[in-house]
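What follows is a short report on a single structure.
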Amino acid sequence: MDTKKLRTFWLVAKYGNLLSAANRLKLSLPAVSIQLKKLERELGVPLFHHLPNKLILTDQGQVFLREVNKVFEALERAKAVVSDKADGYSGRISISLGSDIAKFFAPRIASFIRNHPRLGITLLARPSPETLSLVAGGEIDLGVGRFESVPRGIHKKKLLENGVSLVFPRNHPLSRKEKLGLADLAAYRLIMLTRSSETRRIIDSVFLRKRIEVENILEVGSCQSALDFVRLGLGVGLVHDMCVFAEPQKKILSRNVSEFFGVTAVFLIYRPAISLHPAYRALIDYLHSSSRHKVSDRLVYPGKVAGLGQHISRR
């Protein structure tokens, strides 16, 4: 049994159709089909159920896939052991992140790439639902976002918890308040993300539940836009903690208001086969280790006001 037939099987199982496997193997559809038939004859069992436009693994196929994964993992380890890592990993990795998340994680990804100059990278900014679709469809290797659930066959690793911060100009009346309530926020124009974002839906539901009407809202597409408008004096903003600390700014103060709106988790998602390659596995581990506590360690807790990037003690 040669690795060519195993790789053909692995790609068909991964993408669920002959065409995707054929494109990646640079073979014709008949050639891929012949490889599968030869493998099934050699094993003496059917590996796929043939459905219209889709192939589903049989029970024997699922068992065989687990063993094939081990084979390719061993091959990757063997290559990693004998290859020269003086210049780092080579190849190409693709990542999709939410627009706001990208600002926080881009420096960490850049740091990893600088240590591996032969490793190319494709970096996309996409909403979490689209990121999940890209990863599940095999179009993107890694995804970072807020995912309540993922389909079977996608791995999910928690990177950090992210809360909500209120941001306002340094000379704003809110900077002099010892204790904030939701009504205090609603008294000013609120600069928030669009209604399509999960964070905005959470914020709206909290105000609705408390029966507090927010009459003046300025909607923006990203936390960075919210920060820009706050700096221009157009209102106070509700943004993600990670966006507050991604880039310190001099004219804005921040106050953590997660006591009102809670926290959400940011996850890294990927297909299991991705982690077989040492470069992917190294990046996954790096993002996980470099992200832990990076936001939570710098949170401005209720009752404290801080400039972006520094703490100011309770008044």
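The values are calculated or read from the model by the stated rules, or taken from the named source; none is laboratory data. Keep in mind it's a predicted model, so treat the numbers as computed, not measured. Methodologically, a virtual Cβ is constructed for each residue, glycine included, from the backbone with ideal geometry; neighbour enumeration extends over all protein chains shown.
Brief remarks follow.
- Qualifying positions in region 218-266 - among the small types (Gly, Ala, Ser), more than 20 Å from residue 180 (Cβ to Cβ) and assigned to a strand (DSSP E or B): 265
- Residue 162 passes every criterion in (1) of a type in the set (S, T, N, Q); (2) within 16 Å of residue 257 (Cβ to Cβ); (3) out of contact with any His (no Cβ under 6 Å at 6 or more places or on another chain) apart from (3).
- Within region 135-153, being of a type outside the set (Lys, Arg) and buried (at least 17 other Cβ atoms within 10 Å of the Cβ) holds for 135, 136, 140, 141, 142, 143, 144, 145, 147.
- Residue that is in contact with a Phe, Trp or Tyr (Cβ under 6 Å, 6 or more places away or on another chain) and in contact (Cβ under 8 Å) with a residue 12 or more places away in the chain, where the choices are 11, 55, 43: 55
- Residue ID - farthest from residue 126 (Cα to Cα), chosen from residues in region 150-179 that are touching a Leu at 6+ places or on another chain (Cβ under 9 Å) and either hydroxyl-bearing (Ser, Thr, Tyr) or without any contact (Cβ under 8 Å) to a residue 40 or more places away in the chain (or both): 175
- Segments classed as helices (runs of 4 or more DSSP H), wholly inside region 96-211, with at least 2 members that are in contact with a strand residue (DSSP E or B) (Cβ under 9 Å, 6 or more places away or on another chain), β-branched (Val, Ile, Thr) and within 17 Å of residue 266 (Cα to Cα): 99-115, 128-136, 198-209
- Here residue 230 does not fit the description of being surrounded by 16 or more Cβ atoms within 10 Å (Cβ to Cβ), at negative phi and in contact with a Leu (Cβ under 8 Å, 6 or more places away or on another chain).
- Single residue of 25, 47 found to be modelled with pLDDT under 90 and among the aliphatic types (A, V, I, L, M): 25
- Reported count of residues in region 236-272, each being surrounded by fewer than 20 Cβ atoms within 10 Å (Cβ to Cβ) and small (Gly, Ala, Ser), is 3.
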